[in-house]
Amino acid sequence: MPRELDPNLTTLPLRPRADWLLWTRQHVLLLAAIVFFTLYSGTVLRRGRTNLWFDCYARAASRMMNREPIHHVERDAYAYPPFMALASVPLAQLPGLSSLVAYYALNAAAGCCAIAIAWRLAGAPSLVALPRRWWLVLAAGLVLGFRYLLAPLDNVQPDLILATLVMAGVWQLWNGRDLRAAWLLGTATAMKCTPLLFAPYLVWRGRPRAALVLVLVAAGLNLLPDLLFPQTSGRSYVTDWRETFLGGVAHSAPGDWHSDLVLNQSLGGLVQRYYRWGSATNWRELAATQAPLDAATARRLQLAVLSIGAVLVALSAWFGGRPLRRAATLPPHASAHVAWSQLRTPIEASAIVVLMLLLSPMSGKAHYAVLFLPIFLICRLHAEQRGWAVRALAIALWLTGPLMAKDLLGKTLGDLFLAWGVTTWFAIFCWLGMGLAIVRCQRDEQAESAAAAGSPVAARAA
């Protein structure tokens, strides 16, 4: 007699093969990211101990654990605030190359998070089961920003982690959680000073308490090393950093930092190269034979850079509208795309992100990973709005972005375009794109206000 099956077994939640295929299609971007970062890890890990993780951050962490000064003028100098050296201590203690593997995995995960948050900040729908019409926007954004995703991985720098903190802070700000945003942006500021630009923005938008918390968090995190690993000399790490690196910025030519001038894609680096080299056709020869700037010329160039920076900040504030006005927060449970009228906070944050790069004393390609937010906004704008200005902007981004990659042009020509500042111009075009985006946002805000007021114009339009 055949054995009877237990009727309860028929109620087990057995998942058919079709469900797994559906899950795979819905999460294809996540799976593709895992595959990509896993394969690309070989490019980074095969270099062994020859990279900035060991030569800069892990070395600074080891010195801090030995209670020694961490700021020295040397090759691959640690020129950042002391908090990043403190944050590197746990990984620096791992044996052999395991610390590099862990550091790469952390940056790869941060890269995925930064892109995903930037995508949602652009008002786009969730990356899970992405609608077909949004695929082109996503593909264009990833191609435009791809070289800035690889640069932190190639140089083994923590800029993807910083980008994630900034994106997460803006996300919290957009959701109306001001203090959470201040903690995240304050932590990013503790890593590198440039996110401090969000403090005056928070005041401008009527959030002075959040601005104060941001400053206190950044200062407190950089005072922690003096409590946990005090130097045997009794000096403060913050004082060493200020005297060794930060103090010289005001007395040097713009763009001068502890790196090659060609690699400095900040506004200061662009201005100095244009002044000293003009329309260079062979930057290697000019870089080898150039004479140092005299003090008077350096001051004039510094004044010119400060003036241009002040104009950019003033125009950004002017486009943002009247001060002390809180922008619209993200609608609750928003899963589909968000209207342009709700995107004021992400657009204004994008302008600040660009200014972080342009006004920094040194911005390399690795620092540009934070530009995924303005890139996605511009790609969405191009897909939804017609006009010569948007098209010209899109062409400019392609010409100064992926089409200028060394893999396409070769190292010699790629270095020449880098000396011309194509990466800096890419950031400038992103800033101009935020001008177009805020115009679209203001236009939709006015249309919604008119519709809510029941004006005859809105009624006729409807």
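The values are calculated or read from the model by the stated rules, or taken from the named source; none is laboratory data. Keep in mind that this is a model prediction, so the values were computed, not measured. Cβ coordinates were reconstructed from backbone atoms using ideal geometry, including for glycine residues, and neighbour counts include every protein chain displayed.
For the condition without any contact (Cβ under 8 Å) to a residue 12 or more places away in the chain and over 20 Å from the mean Cα position of the chain (by Cα), what is the one hit in 232, 239?
239
Checking the conditions here, which among 81, 69, 95 is within 19 Å of the chain's Cα centre (by Cα) and outside any helix (DSSP H, G or I)?
Going through 81, 69, 95 in turn, just one is within 19 Å of the chain's Cα centre (by Cα) and outside any helix (DSSP H, G or I): 81.
For residues in segment 376-395 being out of contact with any His (no Cβ under 9 Å at 6 or more places or on another chain) and closer than 16 Å to residue 350 by Cα, which is surrounded by the fewest Cβ atoms within 10 Å (Cβ to Cβ)?
381
Going by what's in this entry, would residue 169 be described as surrounded by 19 or more Cβ atoms within 10 Å (Cβ to Cβ) and of a type in the set (Gly, Ala, Ser)?
Against the criterion (surrounded by 19 or more Cβ atoms within 10 Å (Cβ to Cβ) and of a type in the set (Gly, Ala, Ser)), residue 169 qualifies.
Would you confirm whether or not segment 217-225 contains a residue that is closer than 21 Å to residue 329 by Cβ and at pLDDT 95 or above?
No - not one qualifying residue is present in segment 217-225.
Are there any pairs with C-beta distances below 9 angstrom linking a residue in segment 133-144 that is farther than 10 Å from residue 375 by Cβ to a residue that is hydroxyl-bearing (Ser, Thr, Tyr) and assigned to a helix (DSSP H, G or I), with the two at least 6 apart or on different chains, and if so which?
Matching pairs, first to second residue: none at all.
For every residue, the table says whether it meets (1) within 19 Å of residue 141 (Cα to Cα); (2) at pLDDT below 95; (3) not in a loop (DSSP other than H, G, I, E, B).
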| position | (1), (2), (3) |
| --- | --- |
| 327 | no, yes, no |
| 338 | yes, yes, no |
| 354 | yes, no, yes |
| 361 | no, yes, no |
| 367 | yes, yes, yes |
| 377 | yes, no, yes |
| 386 | yes, yes, no |
| 390 | yes, yes, yes |
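Consider residue 295 carefully, then state whether it is of a type in the set (Gly, Ala, Ser), modelled with pLDDT of 90 or more and out of contact with any Ser or Thr (no Cβ under 7 Å at 6 or more places or on another chain).
No.
For segment 93-101, indicate whether the set of residues that are surrounded by fewer than 17 Cβ atoms within 10 Å (Cβ to Cβ), modelled with pLDDT of 90 or more, in contact with a Leu (Cβ under 8 Å, 6 or more places away or on another chain) and over 22 Å from residue 168 (Cα atoms) is non-empty.
yes
What tally of residues in segment 106-132 results from selecting those that are touching a residue at least 40 places away in the same chain (Cβ under 8 Å) and in a helix (DSSP H, G or I)?
Counting residues in segment 106-132 that are touching a residue at least 40 places away in the same chain (Cβ under 8 Å) and in a helix (DSSP H, G or I) gives 14.
Considering segment 44-58 alone, what residues qualify as being without any contact (Cβ under 8 Å) to a residue 24 or more places away in the chain and surrounded by fewer than 20 Cβ atoms within 10 Å (Cβ to Cβ)?
46, 47, 50, 55
Does any residue in segment 152-174 that is over 24 Å from residue 204 (Cβ atoms) come within less than 6 Å, Cβ to Cβ, of a residue that is in a loop (DSSP other than H, G, I, E, B) six or more places away or on a different chain, and which pairs are these?
Pairs that qualify, where the first residue is over 24 Å from residue 204 (Cβ atoms) and the partner is in a loop (DSSP other than H, G, I, E, B), are 156/51.
So residue 199 fits all but one of (1) part of a helix (DSSP H, G or I); (2) surrounded by fewer than 20 Cβ atoms within 10 Å (Cβ to Cβ); (3) modelled with pLDDT of 90 or more; what number is the exception?
With respect to (1) part of a helix (DSSP H, G or I); (2) surrounded by fewer than 20 Cβ atoms within 10 Å (Cβ to Cβ); (3) modelled with pLDDT of 90 or more, residue 199 is out only on (2).
Mind checking which residues of segment 233-251 are buried (at least 18 other Cβ atoms within 10 Å of the Cβ), touching a helix residue (DSSP H, G or I) at 6+ places or on another chain (Cβ under 9 Å) and under 16 Å from residue 73 (Cβ atoms)?
237, 241
Determine, yes or no, whether residue 60 is within 21 Å of the chain's Cα centre (by Cα) and assigned to a helix (DSSP H, G or I).
no
Within segment 139-158, identify whether any single residue is assigned to a helix (DSSP H, G or I), over 18 Å from the mean Cα position of the chain (by Cα) and of a type in the set (Gly, Ala, Ser), and answer yes or no.
yes
Which of the residues that make up segment 257-275 are closer than 20 Å to residue 74 by Cα, free of Cβ contacts under 8 Å to residues at least 40 places away in the same chain and either buried (at least 17 other Cβ atoms within 10 Å of the Cβ) or within 20 Å of the chain's Cα centre (by Cα) (or both)?
261
Any chance segment 421-428 includes a residue that's surrounded by 15 or more Cβ atoms within 10 Å (Cβ to Cβ), in contact with an Asp or Glu (Cβ under 8 Å, 6 or more places away or on another chain) and in a helix (DSSP H, G or I)?
So far as segment 421-428 goes, no, none of its residues is surrounded by 15 or more Cβ atoms within 10 Å (Cβ to Cβ), in contact with an Asp or Glu (Cβ under 8 Å, 6 or more places away or on another chain) and in a helix (DSSP H, G or I).
What number of residues within segment 242-256 satisfy the criterion of being within 17 Å of residue 64 (Cα to Cα) and touching a residue at least 40 places away in the same chain (Cβ under 8 Å)?
Of the residues in segment 242-256, 1 are within 17 Å of residue 64 (Cα to Cα) and touching a residue at least 40 places away in the same chain (Cβ under 8 Å).
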